[in-house]
1. Compute the length gained on full extension between MET9 and VAL71: take 0.36 nm times their separation in residues and subtract their Cα-Cα distance, giving the result in nm to one decimal.
2. Where nothing but the Cβ of Lys and Arg (+1) and of Asp and Glu (-1) is charged, how large is the charge dipole of segment 2-96 around its Cα centre, in debye to the nearest 20?
3. Any idea what angle helix 2-26 forms with the longest principal axis of the chain, computed on alpha-carbon atoms, 0 to 90 degrees, nearest 10?
4. As a test of understanding, state the convex hull volume per residue of the chain from its alpha carbons, in Å³.
5. Count the lysine pairs in segment 7-79 that are 8 or more places apart or on different chains: how many have C-alpha atoms under 21 angstrom apart?
6. Angle between the Cα long axis of helix 63-96 and the longest principal axis of the chain, 0 to 90 degrees, nearest 10?
Amino acid sequence: MFGDIMGMMGKIKETQEKIEVTKKRLDTVLVDEQSSDGLLKVTLTANREIKSITLSDDLLQDKEMLEDYLVTVLNNAINKATNVNETELAAIAKDGMPNIPGMDFFK
């Protein structure tokens, strides 16, 4: 029984290390999003850190429009980045979880 527990603890530690490595790697995975008309483009990492915002001079003429574009495009980019982040981390967690009866979190 203790061998099983030690094996599970080792597997959990290994999974935690893989998660940390993946989190660092996700800092280098870039997600791009832009408005439908291409006037605003944003790039962020899969860890949701904004790397760049590029906007057309046309947007500088209308503060309200710029604000609307920023909210929409940034929210879309954050959603994309979150999906990438969660998918990557869930795959590692699922692969690394010990098989404990009744604890099937990732069906």
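1. This chain segment gains 18.0 nm when fully extended.
2. Around 600 debye, computed over segment 2-96.
3. Between helix and principal axis, roughly 20 degrees.
4. That works out to 101 Å³ per residue.
5. Summing the qualifying lysine pairs gives 8.
6. Approximately 10 degrees, to the nearest ten.
Computed from the coordinates by the stated procedures, all read-outs in this text should not be read as laboratory data. What you see is a predicted model; the values in this text were computed from it and never measured. Cβ coordinates were reconstructed from backbone atoms using ideal geometry, including for glycine residues, and neighbour counts include every protein chain displayed.
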